[in-house]
1. For the range 52-73, enumerate the residues that are more than 15 Å from ASN101 (Cβ to Cβ) and outside any loop (DSSP other than H, G, I, E, B).
2. Among the residues in the range 88-105, are any under 20 Å from ILE160 (Cβ atoms) and among the aromatic types (Phe, Trp, Tyr)?
3. Quickly run through the range 116-132 and pick out the residues that are modelled with pLDDT of 95 or more, under 19 Å from GLU62 (Cβ atoms) and surrounded by fewer than 22 Cβ atoms within 10 Å (Cβ to Cβ).
4. Check whether at least one residue in the range 119-131 is among the basic types (Lys, Arg), in the same structural domain as ASN60 (by TED's automatic domain parsing) and over 24 Å from ASP74 (Cα atoms), and report yes or no.
5. Would you confirm whether or not the range 173-187 contains a residue that is at pLDDT 95 or above, surrounded by 16 or more Cβ atoms within 10 Å (Cβ to Cβ), outside any loop (DSSP other than H, G, I, E, B) and in contact with a strand residue (DSSP E or B) (Cβ under 8 Å, 6 or more places away or on another chain)?
6. Step by step: first the residues of the range 101-115, then only those that are among the polar types (S, T, N, Q) and not in a loop (DSSP other than H, G, I, E, B), then the one that is surrounded by the most Cβ atoms within 10 Å (Cβ to Cβ). Which residue is that?
7. Test each condition in (1) closer than 21 Å to TYR174 by Cβ; (2) in contact (Cβ under 8 Å) with a residue 24 or more places away in the chain for THR149 and report the one that comes out false.
8. Can you tell which of SER98, SER140 is over 17 Å from the mean Cα position of the chain (by Cα), assigned to a loop (DSSP other than H, G, I, E, B) and not charged (D, E, K, R)?
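The values are calculated or read from the model by the stated rules, or taken from the named source; none is laboratory data. Quick caveat: nothing in here was measured; it's all calculated off a predicted structure. So basically every Cβ, Gly included, is an ideal-geometry build from the backbone, and we count neighbours across all protein chains shown.
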Amino acid sequence: MKKRGRHNFKSKTEQNLISIGIGLVIGIVLIISIIGVIQLMSKNKSKIKPKTFSYEIDENDEVTILGLSDWGKDAALVVIPETIDGKRVESIADNAFSDNNNITSISLPNGLEKIGNRAFYNCSKLTEITLPDSLISVGSESFANCGVTTIRFPKNMVSIGINACLNIENVEYYSGFVTGAPWGAANATAVTE
């Protein structure tokens, strides 16, 4: 009489145990690898942030903001940094944010000197903007038809373009220093302090 399958049964059991052991080892290696990647990412967090803005760097190593990148295009609160890639943000290009109806508030950096023509034109939901003291020039229709009701230009302003403030209720500026009127404001007030 033949012995039935006892040898084969032991062999299959051994094979199953070996397979389970290999599976456990592979699982442990994967878990350790995932933990290592997570730790590496948390250490290099600043290096993996997506870019919010499209921009160009000129021959003087100064940055001009061209607008929002595809990643940042739906942002409501926009904060433009003082530097990008270690270079000073000097200007905002013509039409950079025009017709963007997502932006409700924008923070501009110290060091910004120029805002181009129609940069915030027709940004109907934009209700809050503070201009930095470093600003010296604002292009034509820069803030025309946006949701801002009051805007105050800093002391250093040299030029404000035609209709830059079209449909803005209140504009405050420092008298004697600014050229480029009419600005299109319903009410422009010269201030001394």
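1. Once the filter is applied, which keeps residues that are more than 15 Å from ASN101 (Cβ to Cβ) and outside any loop (DSSP other than H, G, I, E, B), the range 52-73 yields PHE53, SER54, TYR55, GLU56, ILE57, GLU62, VAL63, THR64, ILE65, LEU66.
2. Scanning the range 88-105, I find at least one residue that is under 20 Å from ILE160 (Cβ atoms) and among the aromatic types (Phe, Trp, Tyr), so the answer is yes.
3. ASN117, PRO132
4. no
5. No, because not a single residue in the range 173-187 is at pLDDT 95 or above, surrounded by 16 or more Cβ atoms within 10 Å (Cβ to Cβ), outside any loop (DSSP other than H, G, I, E, B) and in contact with a strand residue (DSSP E or B) (Cβ under 8 Å, 6 or more places away or on another chain).
6. Only one residue tops the list, namely SER105.
7. (2)
8. Result of the check over SER98, SER140: SER140.
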